[in-house]
Amino acid sequence: KMGATVFVQPLDLVKNRMQLSGQGTKAREYRTSFHALFSILKNEGFQGIYTGLSAGLLRQATYTTTRLGIYTILFEKLTGSDGRPPNFFLKALIGMTAGATGAFVGTPAEVALIRMTADGRLPPDQRRGYTNVFNALARITREEGLTTLWRGCVPTMARAVVVNAAQLASYSQSKQALLDSGYFRDDILCHFCASMISGLVTTAASMPVDIVKTRIQNMRMIDGKPEYKNGLEVLVRVVGKEGFFSLWKGFTPYYARLGPHTVLTFIFLEQMNRLYKTYVLDR
């Protein structure tokens, strides 16, 4: 998981920049995600695209570890005495619970990540200038209070739930549709295609929640008042001032990040299911 972060970090950076770009205007700061990537490289150099890497690593360490731990505990609790795993509905519920809990634990790292990746787009005198994730967490606590570390934890948790639900539902639907088409057998190619479709659906479903999260975690106080009162206000303002499709700013890097993740998750799950069938059920 940690190794993936090195690949994911530049994608995260581009996504966050795109979601923060052109706030309140219809003007496009970046034409495409490649334009964004090249302009960041040009203005901030190669290390610029790895800003916030320490926060990305800490997020993986907190979020993924908690999620997997809780998933495993609940999965074992709900496995029948005869070794039968929980049914589809329960599995989905376990996934959402584990995702939401992991997201709550990972929120401080998320806040640090959003702010560190956002920093380079500001003029030097307005930058926050966190040196690494621990410096960021310490300074946020000192300057803005401990609760700021959990700012945007509701959209962060909501995103985890939406991602888990959308991935499972769209994967099983896509897989069924591919099999019904008659062009596919239940093999790794079918699982790959179904998970790529699932990644698209999940990206489309979770991005509006994600832009809310990004804007809220990066916001500042203006004359003692926060930029946005709540998530709904973010949605209303983005749609009203920047246009409806601005909710999906940064779609490409987000999909590039979620797509492979979805593929690996489902191919792994399918192989696990197959092994379980072969070694446990068919004995």
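The values are calculated or read from the model by the stated rules, or taken from the named source; none is laboratory data. Quantities reported herein were computed from a predicted structural model and do not represent experimental measurements. Backbone-built Cβ (ideal geometry, glycine too); neighbour counts: all protein chains shown. Side chains included, ligands, DNA and RNA excluded: accessible areas come from the protein's heavy atoms. Shrake-Rupley method; radii C 1.70, N 1.55, O 1.52, S 1.80 Å.
In table form, for the structure just shown:
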read-out	value
Evaluation of GLY259 against (1) open to solvent by less than 40 Å² (accessible area, probe 1.4 Å); (2) under 25 Å from LEU149 (Cβ atoms) (one fails), failing number	(2)
Residue satisfying condition, being crowded, with 19+ Cβ neighbours inside 10 Å and among the charged types (D, E, K, R), within set ARG185, ARG159	ARG159
Yes/no for ALA112 being open to solvent by 10 Å² or more (accessible area, probe 1.4 Å), under 19 Å from the mean Cα position of the chain (by Cα), outside the structural domain of LEU235 (by the TED database) and not aromatic (Phe, Trp, Tyr)	no
Hits in region 228-273 (condition: of a type in the set (Gly, Ala, Ser) and over 18 Å from the mean Cα position of the chain (by Cα))	GLY240, GLY243
SER170 touching a residue at least 24 places away in the same chain (Cβ under 8 Å) and surrounded by fewer than 22 Cβ atoms within 10 Å (Cβ to Cβ)	yes
Exclusive hit being in a helix (DSSP H, G or I) and either under 28 Å from PHE38 (Cα atoms) or modelled with pLDDT under 85 (or both), set GLY240, GLY259	GLY259
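Rundown of residues vs (1) hydrophobic (A, V, I, L, M, F, W, C); (2) open to solvent by less than 60 Å² (accessible area, probe 1.4 Å); (3) under 14 Å from THR97 (Cβ atoms), yes/no style:
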| position | (1), (2), (3) |
| --- | --- |
| PHE46 | yes, no, no |
| TYR50 | no, no, no |
| LEU53 | yes, yes, no |
| GLY56 | no, yes, no |
| GLN60 | no, yes, no |
| ILE70 | yes, yes, yes |
| PHE75 | yes, yes, yes |
| LEU78 | yes, no, yes |
| ASP82 | no, no, no |
